[in-house]
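The values are calculated or read from the model by the stated rules, or taken from the named source; none is laboratory data. Source: prediction; values computed, not measured. Because the Cβ atoms are built from the backbone with ideal geometry, glycine has one as well, and the counts that use them run over all protein chains shown. SASA here: full protein model, heavy atoms, side chains in, ligands and nucleic acids out. Shrake-Rupley method; radii C 1.70, N 1.55, O 1.52, S 1.80 Å.
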Amino acid sequence: MRLDEDTCYRALEARDARFDGRFFTGVRSTGIYCRPVCPARTPRREGCVFFRSAAAAQEAGYRPCLRCRPEASPGTPAWLGTSATVSRALRLIAEGALDDADAPALAARLGVGERHLRRLFLRHVGASPLAVAQTRRLLFAKKLLDETALSMTEVALASGFSSVRRFNDAIRAAYARTPRELRGAAARRGGGPARADSGAPGIALRLPFRPPLDWDALAGFLGERAIPGVESAGPGAYRRTVRASGGHGVVEVCPVRGEPWLLARLRLPGTEGLSCCAERLRRLFDLGADPQAIAAQLGADPRLAPRIAAMPGVRVPGAWDGFELAVRAILGQQVSVRAATQLAGRLVERHGEPLSLRACLPGGAEGLRLVFPTPEALAAADLTDLGLPRARAAAITSLAARVARGEVALDASRGLEETVRALTCVPGIGEWTAQYIAMRALREPDAFPATDLGLRRALGGVSGADLLSMAEAWRPWRAYAAVLLWMVDMRGVDPAEGEVSRGALAG
């Protein structure tokens, strides 16, 4: 991504929120880097240097600004449009891929050489993979210092630092202050846990996004497909059970009127998995989306323009866990949304784990009592008594076994085509289901279930070949086009008839 420095400086002068997270400004006279929305006086043009990422600014020796808080940025868009490998690597790093492994291991997961990966990062991000991971840990630690009452040891572990000493050293090197001094400064500015937690139990975090975001559409989609006992969704909140930090937990996400962030409350058995949980929630609600870029591309098509206007800030509803979503998609083949939800509830009742965390979040989380089964559990389970056709039960068992053995990776380590190819090798999973899983579980923005009859009907009954042809103009946002067609044209109706001849696919 090439930075136009004149455009960056104009955005900085205007404090244009549309550019927040797209670049960071280093101020030569102070040695500090800021977001475009920083309230400080705008520096002179010749005193500015612009970076593509916070990691690039950090690696160049600049310190994060304490006024605009780079850790509160909505983030650089997850896919940069320049390198699919870099985009996938960034998603893996955000999930903690370099917390317990090194750069060669990350490159191996991506199927490229370490030197090649480093060259790609320097070209497209402006920093090495290790620098990106270090900046991620640093900024998340600063976020926890500002927004929670966690102890310093808990902040260090939750941020991915291997020791409190390394955490202290990194904070002092980056901010020229100790962690306690940073927390005290946040409290004096009126921040701190009192504002974020609002007296509720658990850890509260803000999850920023680029407005607009249609919460009602997201909550409605997720609520119709909520697995009984595992999750629930409504206008006020989304709640679910999770497996984290070596045990079970409960998370809740709520919209905050008028604010460009969602409030997440988490009750976990420990803090080690907190960063990963926050990233999973961001993926679940597609908070890394860039509404401006998506609307500009899709709105150019007169067939989609009115739908963009009807649903500004469209998001692709994601998933907490890729395997769970894949199983849910298979259960939904040839049945209605309600029937698929009942089947999923039955599967969890018989093969899930009872929630071990007794102290749940307030406001309706008491109905959450089960945790979705692991791939290992379903690979060894007999699913024939769930009321499923034998072929569909066999598909779930086969997928679970392959995921457990590492033959199918439901993460960002492989590209769209390779992932779809691996999924369609599982008996009972066709092109539609594979593309649907890639859309929601793997956050592939260009995944597209082209055989979906619902999409064809929404466009006047076009053929599958015609749909694929017109969808070429929607790249690289075809997944968002599919969601627009589903949600705007079929409110309350599920995506219909993918690789099957009747019924509705309820994934």
Notebook entry, point to check: Between Ala465 and Glu349, what FRET efficiency comes out of the Förster formula 1/(1 + (r/R0)^6) with R0 = 41 Å and r the beta carbon distance, rounded to 0.05?
Noted result: 0.45
Notebook entry, point to check: How long is the stretch 95-188 along each principal axis, judged by its Cα atoms, biggest number first, in Å?
Noted result: 46, 23, 20
Next item on the list: Please work out the average accessible area per residue across the stretch 310-435, using the 1.4 Å probe convention, and give it in Å².
Entry: 40 Å²
Note to self: Per-residue counts of other Cβ atoms within 10 Å, averaged by peptide: what ranking do you get for 433-443, 117-127, 299-309, highest first?
What the structure shows: 433-443, 117-127, 299-309
Item checked: Virtual spin-label span in nm between Asp102 and Cys425, 7 Å along Cα→Cβ -> 3.0 nm
Next item on the list: Calculate, for the stretch 1-121, the solvent-accessible area per residue in square angstrom, rolling a 1.4 angstrom probe over the heavy atoms of the protein chains.
Entry: 46 Å²
Notebook entry, point to check: Rounded to a whole number of µm²/s, how large is the Stokes-Einstein D of the stretch 1-157 at 10 °C and 1.306 mPa s, given Rh as the Kirkwood radius over C-alpha pairs?
Noted result: 98 µm²/s
Next item on the list: Would you check the accessible area of Ser162, probe 1.4 Å, heavy atoms only, in square angstrom rounded to 10?
Entry: 90 Å²
Checklist line | Where labels lie 7 Å past Cα in the beta-carbon direction, separation of Arg369 and Asp385 in nm | finding: 2.0 nm
Notebook entry, point to check: Per residue, what volume in Å³ does the Cα convex hull of the stretch 294-337 take up?
Noted result: 121 Å³
Next item on the list: Let me know the Rg and Dmax you get for the stretch 102-249 when you use only its Cα atoms, in Å.
Entry: 19.1, 49
Item checked: Estimated FRET transfer efficiency (Glu181, Glu95; beta-carbon r; R0 30 Å; 0.05) -> 0.50
Notebook entry, point to check: Regarding the chain, what are the three Cα extents along the principal axes, ordered largest first, in Å?
Noted result: 67, 52, 46
Next item on the list: Rank these by accessible area, largest first, 1.4 Å probe: His248, His116.
Entry: His116, His248
Margin query: With a 1.4 Å probe and all protein chains left in place, how much of the accessible area of the stretch 22-167 comes from carbon and sulfur atoms, in whole percent?
Written below: 52 percent
